[in-house]
Structures are given as C-alpha cells and as structure tokens.
1. For K116, list the lysines whose Cα falls under 17 Å from its own Cα; do not include residues on the same chain fewer than 8 positions away.
2. If you count, for each residue, the other Cβ atoms within 10 Å and average over each peptide, how do 111-122, 256-267 line up from highest to lowest?
3. Suppose every Lys and Arg Cβ carries +1 and every Asp and Glu Cβ carries -1, with no other charges. What dipole size does region 126-194 come out with about its Cα centre, to the nearest 20 debye?
4. So for region 16-92, averaging the separation of alpha carbon pairs under 8 Å that are six or more residues apart and normalising by length, what relative contact order in percent results?
5. When only alpha-carbon atoms are used, what values of Rg and Dmax, in angstrom, describe the chain?
6. Semi-axes, largest first, in whole Å: what does sqrt of 5 times each Cα gyration tensor eigenvalue give for region 156-267?
7. Could you work out the pair-distance distribution P(r) of region 9-150 from its alpha-carbon pairs, with 10 angstrom bin width and percents rounded to whole numbers?
8. Given K294/K316; K150/K235; K273/K353; K265/K316; K50/K150; K150/K240, which pairs have Cα atoms separated by over 27 Å?
Amino acid sequence: MHKTILSAVLAFSAALSQAADFQVKELATGLDRPWGMSFISDNEVLVTEKGGTAKRVDLRSGKSQVVTGLPDDIYVYGQGGLLDVQNHSNGYSYFTYSKRSNEPGMHGRTTLARAKLSGNKLLEWEDLLVTESDSNTGRHYGSRIVFDGKGALFFSVGDRAMRQPAQDNSNHIGTVLRVDLDGKALTDNPFYNHSNSKAEIFSFGHRNPQGLAFDSHGQLWEIEHGPRGGDEINKVMEGKNYGWPTVSFGKEYREDKMVGEATSKEGMVDAAKVYVPSIAPSSLMIYSGKAFPKWKDNFFAGALAQTHINRLSLSKNGSLEEQERLLDDRNERIRYVTEGPKGYIYLLTDTGKLMELSPVRAKE
C-alpha cells in the first residue's frame, strides 16, 4: 500500500558555497530515524530506518512504500538496529544490522546480510557474517558498507564501547572488514593465515567507524567518532593499526583527562584529519560526479553534533583540509550523505528528511 510522505518537492532554497551555487530540496519527510540509503534506480532509493524497517522512496513524488522481508532478530537497542544498505549490480541488497545475541547480558553483534529486492519485498534474506562483537553495552556498532568494484565488500564494526578489544584481532571489534560478495574472507587479506586473528580483518584500532568511501584512485578512506574530541578521517591501508584506544586526541567524558597514552605512537597510523572539538561524523562520501565540477574529489562528511555537511579537499601533500560547512544554518543532524546517478548529492537527517543538493542552473 502506498503511503504518501509528502508529494513532490516539499521545500526549496538556494545557497552560495565557496565553490558552487546549489539549491536544496526536501524530497520527503516523515522517515523514522533513517540511517542508510541506496539507489534502486535514478528516481528511487531504498532507505533503512534504525527501528528495524525499510522503505522504498520515490524521489519524484515523495511517496514511500514499506518493504517487507526483514528478519525478526534485528536488535533495536541503544545505537543498534537496522543500519546501512548498499545495492550491488549482482542483484542483491547488502545490509548491516545489530543481531540479537543469545548470550545473557549481551547487546547484539554487528552483522552483514543480503537479500534480493523484488517490488516491495526482500527475498532470500541471508546472514553472511555475524561478527564476533558482542558487548554488554548498546553502543558503537559501526557500520557502513562499500564495494571496491573488484569483487570485495568492506564494512566497519565499532569498538562496542569496550575500547581495548579494538587492539585484539581475535575478535572483530574496532575493525574494517574485507570479504567477498558471499561474505567470505578473501585469501589475500592481511591476517588470513594468522593464528588467533580474524581472517576478515583489513584494518584495526578504530573506535566507531560510520563512514567508508573510495576515492578516484581506488584508495579507501574511513571516518570515525572520537570521544570528547578526536573524530578522525583515516586513509585505510591493509593490516594497519589506527591506534584506538592507545592513541587519541579525545578526552574522557566524565573527567578532564586525555584518552590513551599519546596522540601519536610508532607502529600506529596517524589520522589524516582530526576534529577537535568533535563534529560527530555519521558518513563519508567522496564526490565523483559532473554536476558540481568544482567539488570533484572533495570529501563530504555528515555531522550530527555540529549539524552540517563538512566539505574537505585533499592537498598536494596528502593532508585533508576543511573547506566549508554546508547547511549549517538548518540545525539538522546529518545522518547520511551520498551521490546520486546524476551527480546530485542526497542526504538523510535525524528528523526524517530526505534532501537533495543540485546546481542552481541544473537542467531537469
């Protein structure tokens, strides 16, 4: 049954960026804690809602349809629930979610799954990898998905607010994982033949990674939440240790004390960008389209605590430099940012809005 969120364009405004004039349209509202989004076609997206539901949204009309076929064991607790979604050309939609734990007192495991979308139904739901990431807290599940275009899928798992296990590769906590499209560890992974290490691990020492993106050179980048200060963007390299919780620019929540031993340490990779104070990053997109040529290869991070889109560029010496803060006058927690088929930019907000950024002079 069709459910009308709101028809056509809900709101429109124009804005001047340092690099491009753009217009902002609210295409839909009324989404329930949207978390992830992936294009089904040029004009439709599949949206995950943290509470354990998914919707198919028509960008032209603003109408949504509830998608059935999700599992019953999505564990909606704290920061957990139905998380990311990415559609692949192989016909599957890939999901991450927090799966209910069978262990008493434990609060779920970050899980990679897939299904086939047929109309408004998900068919053949299959858990591909239930990570070893149980925790007695409901925090820091991760988790974003990205494909490398060569048959590998990467997804992230948070430290589950336990910290030290992010330095222990006998579990999946605090990692970026690399698997094939069936969820199996790839044999050229850095820890594939290492005893007492999970074969799926690509990098480790992460806190709560909620953004993954490849640049035009095929380099993987990741953005993660720090504690009180110390959000990071990292250039992700295979087998590397990104330091958490030994290395951090953040402070403890309940006392004026730095987390960890130092802000840099031999054997641990320094972040490419550190935010102090925190912006609370929720996603990462690296722009590759033609609609905004001056934004080519720029990084776009959704910010929750500081309610904006953070635009950065990569300098010739490899450092990431913040260029501007977009939509900071709207007081919206930006949950997700992605690029659409036409090169327009789409975002989800915690208030349930789906918005589009397009050039002012765009020809429809």
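Read the figures in this text as sums done on the coordinates, not as results from a lab. These figures come from a predicted structure and were not determined experimentally. Cβ coordinates were reconstructed from backbone atoms using ideal geometry, including for glycine residues, and neighbour counts include every protein chain displayed.
1. Reachable lysines: K55.
2. On the way: 111-122: 18.5, 256-267: 12.5.
Sorting 111-122, 256-267 by mean packing, highest first, produces 111-122, 256-267.
3. On the way: 7 positive and 10 negative charges, 61 e Å.
That gives region 126-194 a dipole magnitude of about 300 debye.
4. Working: 118 pairs, mean separation 20.7, N = 77.
RCO, region 16-92: 27 percent.
5. 19.4, 58
6. Values: eigenvalues 122, 49, 28 Å².
For region 156-267, the ellipsoid semi-axes come out as 25, 16, 12 Å.
7. 11, 37, 30, 16, 5, 0
8. On the way: K294/K316 16 Å; K150/K235 19 Å; K273/K353 29 Å; K265/K316 25 Å; K50/K150 30 Å; K150/K240 21 Å.
Over 27 Å apart, Cα to Cα: K273/K353; K50/K150.
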